[in-house]
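The structure appears right after this line, and notes come after that.
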């Protein structure tokens, strides 16, 4: 699959999660992102879908906390305490938060993680 096709598929998939009234704004936001940034957002949503248990109304600060928790779990737990996040990780975390807000998602689980076994 070409890079352009991969980006298009990610944009379409992520737009599908936006509330109807926000789809246009979400699509415009997502089209300005790189494929790597779109994949990060998709990974966050994937872990949310797979591991969510309790949904609650969340404000922007609570969403940011959930994203930080996702990033902590995403990194190797043994190394995470000693390692510094990649320079673009904070940027990607901000993009996830912006996507969630622009797409009208105000409910999210606080049991967000990645690859826990």
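Every number in this text was worked out from the coordinates using simple rules, so none of it is lab data. Note that this is a predicted model, so its numbers are computed, not measured. Heads up, the Cβs are rebuilt from the backbone with ideal geometry, glycines too, and the neighbour counts pull from every protein chain shown.
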**Complete:** A chain fully extended from residue 65 to residue 102 at 0.36 nm per residue, minus the present Cα-Cα distance, gains in nm 11.6 nm
**Request:** For residue 21 and residue 2, compute 0.36 nm times the residue count separating them, minus their Cα-Cα distance, and round to one decimal in nm.
**Result:** 3.8 nm
**Message:** Using a 7 Å offset from the Cα along the Cα-to-Cβ direction at both residue 12 and residue 90, what is the distance between the two label points in nm, to one decimal?
**Reply:** 3.7
**Message:** What's the ranking of 35-48, 4-17 by average number of surrounding C-beta atoms within 10 Å, highest first?
**Reply:** 35-48, 4-17
**Asked** Could you put 34, 103 in order, starting from the residue whose Cβ has the fewest other Cβ atoms within 10 Å?
**Response** 34, 103
